[in-house]
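Engineer: Input: one structure, supplied below.
Just so you know, all these numbers are worked out from the coordinates, no wet-lab data involved. Just so it is clear, the structure is predicted and the values come from calculations on it, not from any experiment. Note: ideal-geometry Cβ built from the backbone for every residue, glycine included; neighbour counts use all protein chains shown.
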Amino acid sequence: MASDINKRIPSSERLEGIQALRGIAAIFVVVDHAISALIQKAGLDPGYETFAWSLGNVGVAVFFVISGFIMIHTADLEFGAHGAPRRFFTRRLWRVGPLYWLVTFIQATKLLIDGTPPAPSEIAASLLFVPYIDGNGLMRPIYPVGWTLNFEMYFYLFFAIALSLDRKIGLSFIFFVLSLPVAIGVLSGIQDPSHGMMHGFLYFVCHPLILYFLAGILLGLARKKSGSRPGAALIGFATLAALVTTGQYVQSTGSLKWFIWLVPVTLVVFAFASLRTLTPSLRPPGLILGNASYSIYLTHNFALGPYGNFWGKYASSFGAPLFIIGAIIGCSSLGIMVHYLIEKPIAKLGHSSSAIQTSGG
């Protein structure tokens, strides 16, 4: 989910549509959690929760397809190259890790102050991107939104291993090693909602969400041959609107929803990938939100908590739509600030260190 992808891609190959879609996906997650905050703190009808979950899940699914797409788009020529796995994984860890570790420590401190400190094993597992089942029976780290990053790092690990191989063998390896557990999970019933998370780590490696990374890889390979198709943007927006409209009904199908959404979400990413440049009026907000999407995703809960408490006490009479608009503005502003003040300097430091190591080695 890390941002600023266009800085490492030649100007002729920049994917401004993809960057804008990152921003949209992040806003979907913000709206999901904003609705949940309204339900918990301002008495909103719980019936809206299914719609909220569908928005958040579609946003996450979009992020995962984009991840697969970008990995093949930026690293396709590195298969079999000396040191490629180390360079790739170090680069991805540096982009994803520091900001996530920071918010994890903030969350751990908050839990300590609240009198519910996490166990050292939970802190360690969270920082190392190791999935575990918490006290509520949910597979999530100390900072809950980090559950998606566990999937991201799992994908990055196997992609790094694949880069040590010849391109065809490497791609075959990653498709086999990631899709086989999913197939086993489907056939064995591990992903059956009635089982919950009882299978622990098996539930994680067999999760159908992993297929979205593979769909992104396929999309990246296909786009190299298809080129740019600006008109596809209309299809992308129409499909995204259809997903939002029907999402709450698909959400009720349990784990089956991930198979139902796979093709439509991939189509959305394909359409936005065909937009190499945005129109002048959309370019500034689209790129700013896209570049800050990772920071928005990681920090929005810190803004929603106090905002929800305030709204529940003093402003709930103004209605849910105004709350959600305020949440989008507030969470986006916080994320943009964190992006420029923390995320970008960390990324520059990592880039400088990588350049020094390359020139020295």
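Engineer: Under the 0.36 nm per residue contour assumption, what length would be gained going from the current alpha-carbon distance of L187 and A222 to full extension?
Structural biologist: 9.7 nm
Engineer: If you don't mind, another one. Going by average Cβ density within 10 Å per residue, which order do the peptides 133-141, 213-221 take, highest to lowest?
Structural biologist: Ranking the peptides 133-141, 213-221 by packing returns 213-221, 133-141.
Engineer: Still on this structure, I have one more. Membrane-span-like helices in the chain: DSSP H runs reaching 20 Å or more (Cα, own axis), mean Kyte hydropathy at least 1.0?
Structural biologist: Result, helices passing both filters: 16-41, 49-75, 147-162, 167-188, 210-226, 232-251, 256-273, 320-338.
Engineer: Would you mind checking the radius of gyration and Dmax of the range 61-119 based on alpha-carbon positions, in Å?
Structural biologist: 17.0, 51
Engineer: Expected output is a single nm value to one decimal: the length gained when fully extending between L349 and D166, i.e. 0.36 nm times separation in residues minus the C-alpha distance. What is it?
Structural biologist: 62.8 nm
Engineer: Sticking with this structure for a sec: Ratio of Rg to Rh for the chain, alpha carbon only, Kirkwood?
Structural biologist: Rounded to two decimals, Rg over Rh is 0.95.
Engineer: Put a dot 7 Å past each Cα toward the Cβ at L111 and S281; how far apart are the dots in nm?
Structural biologist: Placing both labels 7 Å beyond Cα along the Cβ direction yields 4.7 nm.
Engineer: Also, I was wondering about something else. In nanometres, what is the gap between the two model label sites at H82 and I342, each 7 Å from Cα along Cα-to-Cβ?
Structural biologist: The modelled label-to-label distance comes out at 3.9 nm.
Engineer: Using DSSP to define loop residues, name the trypsin sites (Lys or Arg not before Pro) in the range 235-341 whose beta-carbon has at most 13 other beta-carbon atoms within 10 Å.
Structural biologist: Passing sites in the range 235-341 do not exist.
Engineer: Okay, next question. Using +1 at the Cβ of each Lys and Arg and -1 at the Cβ of each Asp and Glu in the range 94-190, identify which of A119, W101, Y132 lies farthest towards the dipole's positive end.
Structural biologist: It is W101, whose Cα lies furthest towards the positive end.
Engineer: So who's got an amide H within less than 5 Å of the one on I142, skipping anything under 5 residues away but keeping other chains? H placed 1.01 Å off N, in plane.
Structural biologist: For I142, whose amide H was placed from the backbone, the distant partners under 5 Å are S126.
Engineer: Considering only lysines 8 or more places apart in sequence, or on different chains, count the pairs in the range 5-360 whose C-alpha atoms sit under 25 Å apart.
Structural biologist: So the count of such lysine pairs works out to 9.
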